Each structure stands twice: as C-alpha cells, then as structure tokens.
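A short worksheet on the structure shown next.
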Amino acid sequence: MEDQKRRMLSGVQPSGDLHLGNYLGAIKNWADRAEEFDCYYFMADMHTITVRQTPADLRRRTLEQLAQYIACGLDPEKNTLFIQSHVHQHAELGWVLGCYTMFGELSRMTQFKDKSAKHKENINGGLFTYPSLMAADILLYQPDLVPVGEDQKQHVELTRNIVQRFNGIYGDVFKMPEPFIPKAGARIMGLTTPESKMSKSVPEGCVFLMEKPEDIARKFKRAVTDSDTENPVRYDPAHKPGVANLMNIYAAVTGKTFDEIEAEFAGQGYGKFKPAVGDAVVETLRPIREEAARILADKAYLESVYKAGAEKAGYAAEKTLRKVYKKIGFVAR
Ligand code: TRP
C-alpha cells in the first residue's frame with residue numbers, strides 16, 4: 001500500500017553529465033528502493049543557480065538528467081520524478097525556513113565555505129541560504145529518509161535543527177527526517193587517475209553514460225595500469241590501483257568475483273584485459289544510452305512525466321505549506 005510505505009526523498013543538481021561512477025556507485029541501486037519506499041526524486045534546478053549557469057545548458061541538462069534517470073531504471077510509475085522549480089512551494093517554504101535558520105548556522109556550512117572560496121566573484125545570498133531551501137525541499141514532503149552523499153549530511157543535520165526549533169514553537173508540524181548514507185556501491189576511480197574518484201573534471205578518465213561505444217572503448221584502452229608483466233591481473237589496490245579499479249568496474253558490470261576475474265585473465269596481459277573491461281562497460285551502458293536517447297526524443301512523454309510528477313509533488317507540498325502558514329499566523333487564502 002502506497003501510503004503505508006516509508007517515504008524517501010532526494011534531490012540531484014542537474015549540473016553535469018552523469019558518468020559510470022555515478023551509475024555504479026549510486027543510481028544503479030535506486031530502482032529497487034521503490035519496492036520498499038515511496039520515493040520522490042527531483043532535479044534541483046533552483047539550487048544550481050547559486051552558481052552561474054548558461055540558461056540553455058541548464059534547461060538541456062535538466063531534461064537529459066531526467067531522461068537518464070528513467071533510462072537507469074527509475075520508473076516514473078513507481079517513483080515521483082519532478083523538477084524543483086515546477087513546485088512553487090519549495091520557494092515559499094524556503095523563505096519561511098530562512099527565518100528559522102540562524103546566520104551562525106549557515107556560516108558554518110562546509111559547502112558554503114568551499115563554494116565561496118571557489119567562486120569569490122559571486123558569493124551571493126542564495127549560496128548562503130541554500131541550506132534553508134534544501135530544508136524546505138525535504139520538509140515539504142515529510143520524508144522518513146533522505147539519501148544523500150557524505151558531503152550533504154551537514155545540510156540534513158541543519159534541517160533536523162530547524163525541525164526541532166520550528167516544532168518546539170508550533171507543535172508537531174514537521175516529521176524529523178533521517179539522513180541515509182546509502183551503502184556505497186562500487187567506488188569507481190578515474191581511468192587515468194586511479195588515486196582519485198572518477199570525475200567529469202578529468203574527462204579523459206571519465207566514462208559518461210551517453211558516450212559513444214568507440215569513445216568508451218578508447219578510454220579503457222588508455223586506462224592507467226602498471227608495468228607488471230607476470231600475471232598482472234591481480235587485485236592489489238595498494239600497489240596496483242589502476243588494475244584494482246578496472247577489476248572493480250568489471251566485477252560491477254559482470255557480477256563476477258575478483259577470483260573469477262583473476263582466473264579469467266590468468267597469464268594474460270593488459271592488452272587483453274583492458275579491452276574486455278571496455279566491452280563489458282559498453283554493453284552495460286548501451287541499453288541505458290539508447291533508452292535515454294529515445295526518451296529525450298519523445299518530448300511529449302518526457303513532459304507527461306515531469307508534469308505528473310509536479311502535480312503529485314505539489315499536492316503533498318501544498319498540504320504541508322498550508323499547515324505551516326496557518327501555524328505561523330498568515331491569513332488563509
Ligand atoms: N544539495 C544537494 C546536492 O548538491 C541536492 C539537494 C537539493 C538535495 N535539495 C535536496 C538532496 C534535498 C537531498 C534532499 O547534492
């Protein structure tokens with residue numbers, strides 16, 4: 001029964017193209033959650049404008065990302081998928097919660113400190129009050145769990161402080177959300193920089209979900225390994241990080257164990273191993289890429305998904321917002 005399931009909500013910023021690390025490390029596991037939870041996911045376009053965006057790119061990436069999530073298995077019939085700016089209650093509750101978030105609290109946010117150091121020319125008010133908007137994103141839907149990466153945990157903790165403060169004054173208005181740091185899927189490193197996580201900022205070592213098979217194959221052929229020649233395909237992350245990363249990837253896409261992989265490539269060199277990993281990745285991503293392209297081309301379908309999502313989300317959000325407005329003393333419309 002839909003209503004008896006616990007609710008889960010998460011936002012993703014449409015600020016870059018999704019890559020293999022995102023997929024194997026996280027997205028791949030999201031489809032299954034819908035069995036157990038009532039899941040809400042939104043494209044956090046309002047958050048992305050805290051940093052300057054090119055309008056046409058933001059619009060394109062928002063739709064591309066939505067199409068890619070669906071192609072990765074997030075079924076719009078089983079999950080509520082929407083675009084943040086389509087549900088006006090986010091901005092409204094964001095304003096209210098800003099009045100219940102302290103300057104000192106916002107000043108302590110690591111992400112604010114990092115981003116304002118990185119964008120010295122544009123330290124805007126939105127960047128500072130971002131966590132109040134994020135608290136609104138969450139609290140509008142009264143979720144039980146908020147899956148976030150480690151870097152966003154502090155924002156969920158702040159949301160919990162806001163709940164305590166607000167409920168302390170007005171009674172039980174918001175449900176206390178729990179951060180949920182998903183059990184990491186595979187931790188995928190850059191193909192050319194196996195000591196750091198795969199990242200779009202190092203494009204030659206990063207495999208994007210929408211990338212052409214020949215480009216993916218080429219990136220794997222150029223993946224960094226080592227000069228080991230005697231039985232080189234062995235899992236030894238401390239001494240052979242590049243090989244360990246390729247084995248991790250191969251294991252994640254084929255379901256094979258490290259022992260099985262070692263046996264498969266026993267006595268063979270990287271000239272055999274690297275293309276084999278590349279081929280396996282190409283075949284894993286092929287249906288995702290094709291499905292995402294098909295969805296993107298079907299504008300009417302994509303529109304029907306985000307409209308239905310916004311309608312459903314808006315209904316839940318409005319219920320909470322009305323309650324809040326009443327509690328704080330706004331005259332009913
Ligand atoms: N701040 C999150 C990030 O950058 C995205 C986000 C916005 C979010 N609102 C949220 C995540 C609400 C979880 C819940 O990754």
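Annotations
- Selection from region 94-114 of residues that are under 15 Å from HIS47 (Cβ atoms) and open to solvent by less than 50 Å² (accessible area, probe 1.4 Å): GLY94, LEU97, GLY98, LEU106, MET109, GLN111, PHE112
- Look at (1) out of contact with any Leu (no Cβ under 6 Å at 6 or more places or on another chain); (2) touching a residue at least 40 places away in the same chain (Cβ under 8 Å); (3) closer than 13 Å to TYR69 by Cα; (4) within 16 Å of the ligand (Cβ to nearest atom) and you find that LYS28 fails only one, number (4).
- Listed by first and then second residue, the pairs with beta-carbon distance under 7 Å, at least 6 apart or on different chains, first residue in region 127-150 and closer than 11 Å to LEU93 by Cα and within 10 Å of the ligand (Cβ to nearest atom), second open to solvent by 10 Å² or more (accessible area, probe 1.4 Å) and assigned to a strand (DSSP E or B), are ASP137/GLY11.
- For GLN4, the criteria (1) touching a Pro at 6+ places or on another chain (Cβ under 8 Å); (2) farther than 30 Å from LEU191 by Cα hold in every case but one, which is (1).
- Filtered residues of region 1-25 (kept if more than 22 Å from PRO131 (Cβ to Cβ), modelled with pLDDT under 90 and either of a type in the set (Phe, Trp, Tyr) or within 16 Å of the ligand (Cβ to nearest atom) (or both)): ASP17, GLY25
- Whenever a residue of region 44-61 is part of a helix (DSSP H, G or I), its partners that are more than 14 Å from the ligand (Cβ to nearest atom) and not β-branched (Val, Ile, Thr), lying with C-beta atoms within less than 8 angstrom and at least six residues away or across chains, give the pairs ASP45/LEU58; THR48/LEU58; ARG61/ASP17.
- When region 153-175 is filtered for residues that are free of Cβ contacts under 8 Å to residues at least 24 places away in the same chain, open to solvent by less than 70 Å² (accessible area, probe 1.4 Å) and within 16 Å of the ligand (Cβ to nearest atom), the ones remaining, listed by number, are VAL156, ARG160.
- Filter result for the condition that a residue is more than 12 Å from the ligand (Cβ to nearest atom), part of a helix (DSSP H, G or I) and open to solvent by 50 Å² or more (accessible area, probe 1.4 Å), over ALA34, ALA91: ALA91
The values are calculated or read from the model by the stated rules, or taken from the named source; none is laboratory data. All of these numbers come straight from a predicted model, not from anything done at the bench. A quick note on method: Cβ atoms are made from the backbone with ideal geometry, for glycine too, and the neighbour counts reach across all protein chains shown. With ligands, DNA and RNA removed, areas are computed over all heavy atoms of the protein, side chains included. Shrake-Rupley method; radii C 1.70, N 1.55, O 1.52, S 1.80 Å.
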